[in-house]
Amino acid sequence: MIFLSYASQDKERVLPFYDLLDTHGLDPWMDCKKILGGQNWDYEIKTALDRSEIVVVFVSDNSVDKRGYVQREVKLALDKFEEKVVGDIYIIPVQLDSGEYPHLLKGIQFLRVADGGVNEKLLASIESANHTAKEKAEAVQVESEVRWSLAEAKSSYNGIPGYSTSINRITVSSAKYPNISEISDHINGALAEYSMDARSSSLTPNPEHFNLMQSEWQRTDTFDAIFSSAQVVGRVLAVTYSLHWYRAGAAHPVHSPRTFNYLLEPVHYLGKISDLFSSDETLKVLQGLTEVRLVEALYKEGADYESLDWIRSGTKDWDCFSNFALGEDGLNIQFSSYQVACYAAGMPSVQIPYSDLTPYFTDTVLYALNLYRRQALS
């Protein structure tokens, strides 16, 4: 999917690009084309961004200095770009007029309508991005000797309320690691449980709030589990999903990460972050390192007491750090919407370098991540 981000005033200028990509079978996503009556805009935009391999940002005088969805979409796209391990999301900015580049996109090569040939350049950029992403994904899986593939599983029911669920089911395989198929079963089972829970409201019809004369989406509870990334570091596999719920009639959807970390030899689920460390005292260290990074990411001019209280409340115990992923360069920790900041902040995340945590890891984790080997080489 290719996500088209633009200021609302530029819709008529962007529609020809949508038609261009659609004609070439590139599966473009544009809110005015894809969002149906009654669907929650915020929910659909967020899930579309998560599903997209490429984001095309249309920049104009209407969008550069104005706050709103276009700025938020760019920020979310950049966050996804940083999270992706194999580079399977690309941001392609298209400058519609002679306005300045938005600060968020400084350093990224622009395509300019004024230079001519923008249609051909955009198609070439997308083709190159798709090719590069496939090559990188293949290289990562070959090097790690672990492969994964995805298949979408959907279900729906038109009721009062009804439901619509979608899950990216994963299949993990390897000729090197025995029993690795159990990882597929474990992840898909956990996601299926979320999906089953999302359907439960349909068992108790609510005619006081919903009726069949309403738009279907006004009375539909929605759940999506979207694959974000997979990475093998040493003998550890980390898989990350983004989960999205929208209960019909609610003011806001709810977004949450869901991570899965596995030791590959033997296959073992690393379910609790506390089990990575040799002492419970490490919680205080983790809280301090996380707070500093959240303040840097969320509050450029410094956090006030209320914001610090929010962060501390959202990191008060081990359970608050349940969504972690063991990455190449550090421990990645993600938070749900509302957990450590306001809804507009999305799902904040931090990366804590292994150098800050190595003294606290158990020997098992150090060996599994090849951190002892790195220490010896240094």
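The values are calculated or read from the model by the stated rules, or taken from the named source; none is laboratory data. Only a predicted model underlies this, so the values are computations on that prediction, with no experimental measurement involved. Please note: Cβ atoms are built from the backbone with ideal geometry, for glycine as well, and neighbour counts cover all protein chains shown. Keep in mind that these areas ignore ligands, DNA and RNA; they rest on the heavy atoms of the full protein, side chains included. Shrake-Rupley method; radii C 1.70, N 1.55, O 1.52, S 1.80 Å.
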Completion exercise
Candidates Tyr163, Tyr299, Tyr343; GNM for the chain (alpha-carbon contacts under 10 Å) flags as most fluctuating Tyr299
Handout entry: Alpha-carbon centroid distance for the pair region 17-49 / region 264-303, whole angstrom
Key = 36
Exercise for the section: Any lysines with Cα under 26 Å of the Lys11 Cα? List them, leaving off those in the same chain fewer than 8 positions away. Expected result: Lys33, Lys34, Lys46, Lys66, Lys75, Lys80, Lys106, Lys121
Handout entry: Extension reserve of the Ser8-Gln351 stretch, reckoned as 0.36 nm per residue once the Cα distance is removed
Key = 120.0 nm
Handout entry: Relative packing of peptides 106-116, 139-149 - highest average C-beta neighbours within 10 Å first
Key = 139-149, 106-116
Problem - Simple spin-label estimate for Thr23 and Lys134 in nanometres, 7 Å along Cα-Cβ - result: 2.3
Problem - Bridge type composition, the chain - antiparallel percent by DSSP, nearest 5 - result: 70
Problem - Cut-off 18 Å (backbone N to label point 7 Å along Cα→Cβ of Tyr367), residues of region 173-187 - result: 177-178
Completion exercise
The value for region 151-210 (convex hull of the alpha-carbon atoms, volume per residue, Å³) is 59
Fill in the blank from the handout: Note to self: with every protein chain in place and a 1.4 Å probe, region 107-171 gives an accessible area per residue in Å² of 59
Handout entry: Other-chain or far-sequence residues with amide H under 5 Å of Thr362's (modelled H)
Key = Phe277, Ser278
Fill in the blank from the handout: Going residue by residue through region 28-37, the Karplus relation 6.51 cos²θ - 1.76 cosθ + 1.60 with θ = phi - 60° gives ³J(HN,Hα) values, rounded to whole Hz and with x marking Gly or Pro, of x, 10, 9, 3, 5, 9, 9, 7, 8, x
Exercise for the section: Please calculate how many Å² of accessible area region 179-268 carries per residue, with a 1.4 Å probe and no DNA, RNA or ligand atoms counted. Expected result: 44
Practice task
Report, to the nearest whole %, how much of the accessible area of the chain belongs to carbon and sulfur atoms, 1.4 Å probe, protein only.
Solution key: 50
Problem - Largest to smallest principal axis extent of the C-alpha atoms in region 84-219, angstrom - result: 58, 52, 26
